[in-house]
Amino acid sequence: VSEVLDSWVAVQRSWLYLQPIFESADINRQLPVEGKKFATVDKNWRSTISNAKQNAKVIDFCDNEKLLERFKDSEVLLEQVQKGLSDYLETKRSVFARFYFLSNDELLSILSESKDVQRVQPHLKKCFEGIDKVKFLDDLKIDRIISPEGEEIMLSELIDPVEKNVEHWMLELEGAMRISIRDCMQVAIEDYMKTRRPKWMTKWAGMCVLNGSQLHWTKEMEELFHDDGEKAPVLMLERQVAQLADMTILVRGKLSNSARTTVGALTVIDVHARDVIKKLVNEQVETKDNFAWTSQLRYYWDGTDLSAQMVGATRPYGYEYLGNTFRLVITPLTDKCYLTLMGALQMIFGGAPAGPAGTGKTETTKDLAKALAM
């Protein structure tokens with residue numbers, strides 16, 4: 001009796017987990033072998049329960065060799081079904097690796113209703129850093145991505161998820177996100193030369209403003225080095241101070257929440273940029289080849305792509321959509337971490353900041369990832 005009850009509980013536990021999954025026609029279609037095995041167990045299980053209800057005497061009902069065998073067989077079948085299910089989820093994850101961020105249950109809830117493409121919506125935040133949801137049009141095509149802060153980026157091309165496997169159209173969404181951010185970045189960079197800076201800062205997506213501004217900071221500084229030599233840092237410092245004054249006026253005025261977040265993040269970066277230029281003034285740097293300048297995180301646009309440089313390390317910009325988020329204050333220690341990690345990445349090494357707890361090692365690494373949009 002004890003053996004029967006142990007086996008019974010084991011089967012019951014697995015059955016309760018698998019039953020809602022195999023109720024879905026989609027899963028049964030994609031896993032026909034496992035579906036059949038589960039159906040066999042399900043039939044036995046239901047008939048056993050019905051019989052038990054009619055004869056509810058434990059010793060009388062459970063003292064039964066055949067019943068024990070049936071439960072043992074069911075256990076084996078359910079194990080095979082679970083293994084098949086895990087292998088199936090693994091194939092989905094191997095196509096779209098970001099599914100590793102979802103638990104088995106979350107992934108199954110998407111796959112069990114693959115006809116209903118909107119089932120993915122609640123799980124997008126776990127797959128993408130900056131995408132909270134996407135906008136489905138009436139024909140279910142996707143035309144824009146939306147961040148948790150409500151910032152919207154229009155996709156360069158519509159994504160049509162209908163009649164496609166979820167992992168395939170999610171891959172398309174990932175590709176479209178990168179292309180759209182690159183296109184947005186290009187337009188923002190070109191617009192910087194035409195629009196007054198305070199207006200420009202509130203006009204574009206947060207990440208395009210931050211990196212577009214840093215790109216032009218690098219460009220202006222290097223042009224000044226080329227034209228004015230040792231006077232360059234002094235001239236640049238005047239420019240930086242004037243820009244920060246403009247931002248002060250802007251922040252005091254009426255700004256939308258999203259523009260205020262963008263300007264806040266840009267202020268953090270601009271203050272650091274000003275400190276860098278002050279250091280160049282104090283050290284009387286004359287050329288762009290000086291270590292005090294090359295050791296800064298600098299951005300370059302080659303006409304088609306953005307890249308970040310630091311001394312000998314060059315990383316292509318990743319175009320991962322980050323939404324409109326704040327950035328950490330950059331201290332000299334932050335700069336040292338960036339420098340070491342960028343050098344490690346260039347040489348295809350790993351890097352691991354070490355130090356006391358709570359000093360910001362993880363946050364610094366995450367902020368470098370934001371700076372490179374990876």
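The values are calculated or read from the model by the stated rules, or taken from the named source; none is laboratory data. This one's a predicted model, so the numbers in the text were calculated from it and none came from an experiment. FYI the Cβ positions are ideal-geometry reconstructions off the backbone, even for glycines, and counts take in every protein chain you see. Note: areas computed on protein heavy atoms with side chains; ligands, DNA, RNA excluded. Shrake-Rupley method; radii C 1.70, N 1.55, O 1.52, S 1.80 Å.
From ASP73, ASP87, ASP138, grab the single residue that is closer than 24 Å to LEU18 by Cβ, loosely packed, with under 12 Cβ neighbours inside 10 Å, at pLDDT 85 or above and not hydroxyl-bearing (Ser, Thr, Tyr).
So the residue among ASP73, ASP87, ASP138 that is closer than 24 Å to LEU18 by Cβ, loosely packed, with under 12 Cβ neighbours inside 10 Å, at pLDDT 85 or above and not hydroxyl-bearing (Ser, Thr, Tyr) is ASP87.
What are the pairs, 6+ residues apart or on separate chains, where a residue within the range 182-195 that is more than 9 Å from CYS208 (Cα to Cα) has its Cβ under 7 Å from a residue that is in a helix (DSSP H, G or I) and open to solvent by less than 70 Å² (accessible area, probe 1.4 Å)?
Close Cβ pairs (under 7 Å, with a partner that is in a helix (DSSP H, G or I) and open to solvent by less than 70 Å² (accessible area, probe 1.4 Å)) amount to ASP191/TRP200; TYR192/TRP200; TYR192/GLY212; TYR192/HIS216.
Pick from the range 330-361 the residues that are more than 21 Å from the chain's Cα centre (by Cα) and in contact (Cβ under 8 Å) with a residue 40 or more places away in the chain: which of them is farthest from ALA265 (Cα to Cα)?
Restricting to residues being more than 21 Å from the chain's Cα centre (by Cα) and in contact (Cβ under 8 Å) with a residue 40 or more places away in the chain, the top hit is LEU339.
Going through the range 306-326 one residue at a time, which ones are among the β-branched types (Val, Ile, Thr) and assigned to a loop (DSSP other than H, G, I, E, B)?
Those that are among the β-branched types (Val, Ile, Thr) and assigned to a loop (DSSP other than H, G, I, E, B): VAL311, THR325.
Just give me the residues in the range 71-97 being over 30 Å from MET170 (Cα atoms), hydrophobic (A, V, I, L, M, F, W, C) and touching a residue at least 60 places away in the same chain (Cβ under 8 Å), in sequence order.
Hits for the range 71-97 are PHE71, LEU78.
Are there any pairs with C-beta distances below 7 angstrom linking a residue in the range 263-284 that is part of a helix (DSSP H, G or I) to a residue that is open to solvent by 50 Å² or more (accessible area, probe 1.4 Å), with the two at least 6 apart or on different chains, and if so which?
Partner pairs satisfying both residue conditions: VAL263/VAL251; GLY264/PHE326; ALA265/PHE326; VAL268/VAL329; ARG274/VAL241; VAL281/VAL234.
Do you know which residues across the range 61-97 are of a type in the set (A, V, I, L, M, F, W, C), over 19 Å from PRO32 (Cβ atoms) and in contact with a Leu (Cβ under 9 Å, 6 or more places away or on another chain)?
Correct list: PHE61, CYS62, VAL95, PHE96.
One line per residue, one yes/no per condition, for (1) closer than 30 Å to GLU174 by Cβ; (2) in contact (Cβ under 8 Å) with a residue 12 or more places away in the chain:
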residue: LEU16; (1), (2): no, no
residue: ASN28; (1), (2): yes, no
residue: PHE38; (1), (2): no, yes
residue: GLU69; (1), (2): no, no
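Residue by residue through the range 99-121, note down the ones that are at pLDDT 90 or above and closer than 22 Å to GLU163 by Cβ.
PHE99, the sole residue that qualifies.
Just name the residue that is farthest from ASP73 (Cα to Cα) out of those in the range 33-58 that are at pLDDT 90 or above and loosely packed, with under 11 Cβ neighbours inside 10 Å.
The qualifying residue farthest from ASP73 (Cα to Cα) is VAL33.
Determine whether the range 174-185 contains at least one residue that is touching a Pro at 6+ places or on another chain (Cβ under 9 Å), among the aliphatic types (A, V, I, L, M) and at negative phi.
The answer is no; no qualifying residue exists.
Quickly run through the range 180-236 and pick out the residues that are open to solvent by less than 30 Å² (accessible area, probe 1.4 Å), in contact with a Ser or Thr (Cβ under 9 Å, 6 or more places away or on another chain) and not in a helix (DSSP H, G or I).
Passing the criteria: only ALA205.
LYS254 - would you say it is at negative phi, in contact with an Asp or Glu (Cβ under 6 Å, 6 or more places away or on another chain), surrounded by fewer than 18 Cβ atoms within 10 Å (Cβ to Cβ) and assigned to a loop (DSSP other than H, G, I, E, B)?
Answer is no for this residue.
Just checking, does the range 313-329 include any residue being farther than 15 Å from MET374 by Cβ, of a type in the set (Val, Ile, Thr) and over 19 Å from the mean Cα position of the chain (by Cα)?
yes
Restricting attention to the range 119-131, which residues are open to solvent by 50 Å² or more (accessible area, probe 1.4 Å) and outside any helix (DSSP H, G or I)?
GLU129
For the range 332-364, which positions are assigned to a loop (DSSP other than H, G, I, E, B) and either closer than 16 Å to PRO316 by Cα or out of contact with any helix residue (DSSP H, G or I) (no Cβ under 9 Å at 6 or more places or on another chain) (or both)?
Listed by number, the residues that qualify are MET347, ILE348, PRO356, ALA357, GLY358.
Failed condition for THR334, given (1) under 25 Å from ARG178 (Cβ atoms); (2) polar (S, T, N, Q); (3) open to solvent by less than 40 Å² (accessible area, probe 1.4 Å), with all others met?
All conditions pass for THR334, except number (1).
Go through (1) in contact with a Leu (Cβ under 8 Å, 6 or more places away or on another chain); (2) part of a helix (DSSP H, G or I); (3) surrounded by fewer than 18 Cβ atoms within 10 Å (Cβ to Cβ) one by one and return the number of the condition TYR100 breaks.
Every listed condition holds for TYR100 apart from (1).
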